[in-house]
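Asks: Can you keep this structure in mind? I'll have questions shortly.
The values are calculated or read from the model by the stated rules, or taken from the named source; none is laboratory data. Since the structure is predicted, the reported quantities are computational estimates derived from the model, not experimental observations. Glycine gets a Cβ as well: all are built from the backbone with ideal geometry, and neighbour counts include every protein chain shown. Note: areas computed on protein heavy atoms with side chains; ligands, DNA, RNA excluded. Shrake-Rupley method; radii C 1.70, N 1.55, O 1.52, S 1.80 Å.
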Amino acid sequence: MGTIMRVLGAEPSKGEFEGRPYDNTKIHCEVPFSKKKSEAMGVAAETYNFGDSVQGMAKIRALGVTLPCSLDVEIIPIQNGMEVINISLPPKK
């Protein structure tokens, strides 16, 4: 179980950048501003990688939801940022 986050959207991303191939699904999540930023209002969005361009999108479609919606998102730190390792429906109340 991860954190319940509002997932705003998802998009497959595949190609080559500076001679290096990439293949992932990007998910865009709503995140609150840091409490240290006293003048900030509203919310921000953060983008995370979630699997490759085919499997990541297939897992999201298999949930049978329409984005944006709230999902249980498990995120782990990686060398150059954060990566989503699992997305599921939130537990029923």
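Asks: With all protein chains present, how much of the accessible area of the chain (probe radius 1.4 Å) comes from carbon and sulfur, to the nearest whole percent?
Replies: 52 percent
Asks: Stokes-Einstein diffusion coefficient for the chain at 37 °C in a medium of 0.692 mPa s, Rh from the Kirkwood formula over Cα pairs: what value in µm²/s?
Replies: Translational diffusion coefficient: 231 µm²/s.
Asks: Considering only the chain, what is the antiparallel percent among its DSSP beta bridges, to the nearest 5?
Replies: Of all bridge pairs located within the chain, approximately 95 percent are antiparallel.
Asks: Taking the stretch 1-57, which GluC sites (Glu not before Pro) meet the DSSP loop condition and have no more than 12 other C-beta atoms within 10 Å?
Replies: Glu18, Glu39
Asks: If you project the alpha carbons of the stretch 51-93 onto their three principal axes, what span does each projection cover, largest first, in Å?
Replies: Cα spread of the stretch 51-93 along its principal axes, largest to smallest: 34, 26, 14 Å.
Asks: Relative contact order for the chain using alpha-carbon pairs under 8 Å, separation at least 6, rounded to a whole percent? Walk me through the intermediate numbers first.
Replies: Values: 179 pairs, mean separation 28.8, N = 93.
Dividing the mean separation by the residue count of the chain yields 31 percent.
Asks: Next question. Please report how many Lys pairs in the chain have alpha carbons closer than 25 angstrom, counting only residues at least 8 apart along the chain or sitting on separate chains.
Replies: Counting lysine pairs in the chain gives 5.
Asks: Another question, then. How about the stretch 5-93: which chymotrypsin sites (Phe, Trp or Tyr not before Pro) there lie in a loop by DSSP and see at most 13 other Cβ atoms within 10 Å?
Replies: Phe33
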